[in-house]
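J.: Mind having a look at this structure? Questions to follow.
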Amino acid sequence: MTVRRERVPLVVVGLAAVGAAFFIVPLIGLVVRSPWGDAISALTAPETLEALKLSLVASLSATAVALVLGVPLAWVYARLEFPGRRLLRALTTLPMVLPPVVGGIALLLAFGRRGLLGSWLYGTFGITFPFTTVGVVMAETFVAMPFLILTVEAGLRSMDMRYEEAARALGANRWRVFTRVTVPLIAPSLIAGAVLCWARALGEFGATITFAGNFPGVTQTTPLAVYLLLETNQDASFILSLVLLLVSLLVLVGLRNRWLGSA
């Protein structure tokens, strides 16, 4: 059987080309105008290595926290019905569309020394989170965890629950069913969500600089270093931007089947 191919109007093709160019041209500009000859020296500079190391540690820590807290939350959203579930779900995924700076201010008002919980933590235990490395992890977790929650929730909703029912019928307890049946079945969604969460945490800027500041070696992650270098050493800022661009591209290409739904 011959498949008839639909003719696409030239106007649609032209607008699509302009839309694609809107995204591609700036990326080409970054690649072409970057000082490739100075790439090694820029990437091996002490301040650059420090920022890259902190970014890696903080983003991986944020992903770990998101897995511990986000997977149970996704399970609750996918499996339980209770009053206010939709509102709670909307509130916990709001950081996906919330301006990051607003998220940073919200964190300050909650966990700052005069915040809702921060004042008690500081007065009782002497614990403070703003402008610390822990604060970086908190800011990155706040903006990145919703990506993991939504991805894992989608995986839980799409899986065949008959496998869980069969395992329970054979005498497996809830924990054994979850670890031996549920987790393997949603593993692709779990991995995709974790990688998306990590990539978002790695590129976080607004909430981090607002809640944790921009202190080299303590809170200055790679995006913050790019912002600072843009005023003092543009060549180095271009190279670091390329690093973040490459990581983001690899994530999108690697997850194209899971997240974008295309081959």
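A short reminder: the numbers here are calculations on the coordinates, not readings from a lab. Predicted model, so just to flag it, every value in this text is computed and none were measured. Glycine also receives a Cβ, built like all others from the backbone with ideal geometry; neighbour counts cover every protein chain displayed.
J.: If we count GluC sites (Glu not before Pro) as exposed when they sit in a DSSP loop and have at most 15 other beta carbons within 10 Å, what is the longest stretch of the chain that avoids them all?
T.: On the way: sites that count: 6, 81.
That would be 82-263.
J.: Next question. Semi-axes of the equivalent ellipsoid for segment 43-260, please: Cα gyration tensor eigenvalues, times 5, square-rooted, ordered largest first, whole Å. Write out the running numbers ahead of the final one.
T.: Working: eigenvalues 234, 101, 40 Å².
Sorted largest first and rounded, they come to 34, 23, 14 Å.
J.: From the backbone phi of segment 231-240, what are the Karplus-calculated ³J(HN,Hα) couplings (6.51 cos²θ - 1.76 cosθ + 1.60, θ = phi - 60°) in whole Hz, Gly and Pro given as x?
T.: Rounded to whole hertz, the list is 9, 10, 8, 4, 4, 5, 5, 5, 5, 5.
J.: Then there's this: Which ³J(HN,Hα) values in Hz, rounded to whole numbers, follow from the phi angles of segment 103-116 under the Karplus curve 6.51 cos²θ - 1.76 cosθ + 1.60, where θ = phi - 60° and Gly and Pro get x?
T.: x, x, 5, 4, 5, 4, 6, 8, 10, x, 4, 10, x, 4
J.: OK, next. Between segment 213-233 and segment 141-156, how far is it from one alpha carbon centroid to the other, in angstrom?
T.: So the two Cα centres are separated by 28 Å.
J.: Which one, 169, 138, 221, is farthest towards the positive end of the dipole of the chain when Lys and Arg carry +1 and Asp and Glu -1 on their Cβ?
T.: The one lying farthest along the dipole's positive direction is 169.
J.: So, one more: Among 90, 192, 78, which one moves the most in a GNM of the chain with springs linking Cα atoms closer than 10 Å?
T.: 90
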